[in-house]
Amino acid sequence: MADDKQQRFNVVTGTKKQPAEQTRHHQVILDAADGLEFQTLVDCSLVYVARKSSILRSGGLVTVHRRQQIQRGIRGYLGLG
């Protein structure tokens, strides 16, 4: 995000996890440790490209462990190893 030459970047989406909702194999749970107010399911099965100017605010800072889980989820779902 700090590189002014990069105006686009890859993003994954997250939605609020409902109490009875089960986590699927392509999802990672984020929570208070990641700076979020509630449990959030990140969908690793779909990666978007977003413009830096479209980001309104930061939702939190994802821990290194969870970033690694998301990376593994994306690679696994897309068959990248």
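Below is a table of values for the structure above.
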read-out: Residues of region 40-53 classified as surrounded by fewer than 18 Cβ atoms within 10 Å (Cβ to Cβ) and either over 25 Å from residue 6 (Cα atoms) or hydroxyl-bearing (Ser, Thr, Tyr) (or both), total; value: 3
read-out: Tabulated pairs, region 15-41, first farther than 21 Å from residue 57 by Cα and modelled with pLDDT of 90 or more, second surrounded by 15 or more Cβ atoms within 10 Å (Cβ to Cβ) and aromatic (Phe, Trp, Tyr), C-beta under 8 angstrom, 6+ apart or interchain; value: 26/77
read-out: Selected residue (only one of 56, 61 is under 24 Å from residue 1 (Cβ atoms), touching a helix residue (DSSP H, G or I) at 6+ places or on another chain (Cβ under 8 Å), part of a loop (DSSP other than H, G, I, E, B) and modelled with pLDDT under 95); value: 61
read-out: Among the candidates 76, 60, residue that is surrounded by 14 or more Cβ atoms within 10 Å (Cβ to Cβ) and on the phi > 0 side of the Ramachandran plot; value: 60
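The values are calculated or read from the model by the stated rules, or taken from the named source; none is laboratory data. The structure displayed is predicted, hence computed values, not measured ones. Cβ atoms come from the backbone with ideal geometry, glycine included; neighbour counts cover every protein chain shown.
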